[in-house]
Amino acid sequence: MGEVSTIGLDIAKAVFQVHGVDGAGTVVIRKRVSRAKMLEFFAELPPYLVGIEACPSAHHWGRELSGLGHTVKLMPPSYVKAYLKRSKNDANDAAAICEAVTRPSMRFVPIKTKDQQTALIPDPAIAGASAYDAQQCATRAPGRTRRRVGQGPQRNRRVAQHRR
């Protein structure tokens, strides 16, 4: 077993999946790490190349891991998907990320600073929505954000025409 050279990190809400390979591509680390132990785990490791799928929380973890001395590269999820070999789960995603980050043709997303991310948060006052509307959007249940296909006035009109 060789020394780890590259780590693929699949981030989630509570548990992160770490997949590390050596220079020959042999799997050296395959481990689940809780959110609370994440920085502690990476602080014990020497600096490595760490690949993460780009999402809002990936920028936070990219800043944190860069602060520990690791080289962090974020990749768009659509580019990583091509390297997924089996069914989609955290371990397979981490392996695909680890594979994708080493590819010379891969395009990377720059890590945003905290200020850059804060600037992306929409301000309801600027967008023309009232504070009430903004609160309703924030508290709406995730499954209730869109209308279901086939409901609403268009469906009612079709049903009425069909019954004639």
*Could you run the Karplus curve 6.51 cos²θ - 1.76 cosθ + 1.60 with θ = phi - 60° over the stretch 43-52 and give me ³J(HN,Hα) per residue in whole Hz, x for Gly and Pro?*
5, 6, 8, x, x, 10, 7, 10, x, 9
*Amide H within-cut-off set for T6, under 5 Å, with H built and near neighbours excluded*: V21
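Ranked from highest to lowest mean number of other Cβ atoms within 10 Å per residue, what is the order of the peptides 27-37, 68-78?
Details: 27-37: 13.3, 68-78: 16.8.
Averaged packing, sorted descending, gives the order 68-78, 27-37.
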_Long-range amide H partners of A54 with built H, under 5 Å_ = M75
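Cα gyration tensor of the stretch 4-115, axes a ≥ b ≥ c as square roots of the eigenvalues: rounded (a/c below 1.5), prolate (a/b > b/c) or oblate?
Numbers: a/c = 1.28, a/b = 1.12, b/c = 1.14.
Note, shape of the stretch 4-115 comes out rounded.
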_Integer Hz, Karplus 6.51/-1.76/1.60 couplings in order for the stretch 96-103, x for Gly and Pro_ = 5, 5, 4, 5, 5, 5, 8, 6
_Filtered GluC sites (Glu not before Pro), the stretch 37-102: DSSP coil and at most 11 other beta carbons within 10 Å_ = E44
*Using θ = phi - 60° and the Karplus curve 6.51 cos²θ - 1.76 cosθ + 1.60, what whole-Hz ³J(HN,Hα) does each residue of the stretch 14-21 get, with Gly and Pro shown as x?*
10, 10, 9, 9, 10, 10, x, 10
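Readers should treat all values here as calculations from the given coordinates under stated rules, not as data from a laboratory. If you're wondering where the values come from, they're calculated on a predicted model, not measured in any experiment. Here the Cβ is made from the backbone with ideal geometry for all residues, glycine too, and neighbour counts use every protein chain on show.
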